[in-house]
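Remarks on the structure that follows.
Every number in this text was worked out from the coordinates using simple rules, so none of it is lab data. This one's a predicted model, so the numbers in the text were calculated from it and none came from an experiment. Here Cβ is always computed from backbone atoms with ideal geometry, including for glycine, and neighbour counts include all displayed protein chains.
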Amino acid sequence: MTDRPGIPARELTDEELERQGLHAHAMRHWVFLHGTAEQYRTHTERMLELEQEYLRRHPQRTWQGSGGEAAAPSRDDRIRDLVQTFSRAITALLDEEPVAAATPRPRTDPQQAQLALLQRFAEAPGGRMHKLEAHQIARQLAPDSQLVARLYRQDPPLLEADRDMRVLTDAGRDWLQRHAVPA
């Protein structure tokens with residue numbers, strides 16, 4: 001039997017519900033660190049939907065549903081919990097500094113984006129940067145999600161991986177020197 005992503009949680013079989021719930025929890029860390037704001041929002045909504053449905057069907061299997069020694073939470077208690085969860089999320093958003101309205105970024109020349117990224121590496125201590133930081137900077141510089149990947153695949157590679165760090169190679173330093181705009 002295959003999972004049916006996007007199907008309302010109430011329509012999933014018990015097996016599908018459990019499998020999708022496990023998958024959602026396993027993916028949470030990746031979505032939090034690498035996903036877009038839209039992916040994170042969608043994932044959060046789906047994970048909450050799956051959890052609430054699991055709790056509705058199997059309240060005694062979870063500590064939240066069992067209430068310790070007490071009976072399973074009522075429908076009203078579950079609604080109250082959801083409202084409180086959303087209220088905390090709304091309050092946190094309202095407490096954030098407002099962000100200027102997003103304006104579409106002009107298309108960035110790939111070579112200029114590559115130059116800017118390699119320059120950031122050159123400025124980092126030892127030409128080393130954590131992989132998550134490198135990808136975030138690349139995302140800010142260009143909408144091209146393959147910008148960083150191409151730098152590893154070039155011959156010779158301009159960046160290399162060292163565990164969780166990304167390192168500017170000698171070839172990367174040479175490329176940067178040849179393409180840098182004189183000050």
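Taken along the Cα-to-beta-carbon direction at a fixed 7 Å, the label points for ARG28 and VAL83 span 2.5 nm. In the stretch 110-179, the convex hull through the Cα atoms has an average projected area of 4.1 nm², a quarter of its surface area. Subtracting the Cα-Cα distance of SER74 and VAL181 from 0.36 nm times their residue separation leaves 31.9 nm of extension gain. Full extension of the chain between GLN140 and GLU123 yields a length gain of 4.4 nm, computed as 0.36 nm times the residue separation minus the alpha carbon distance.
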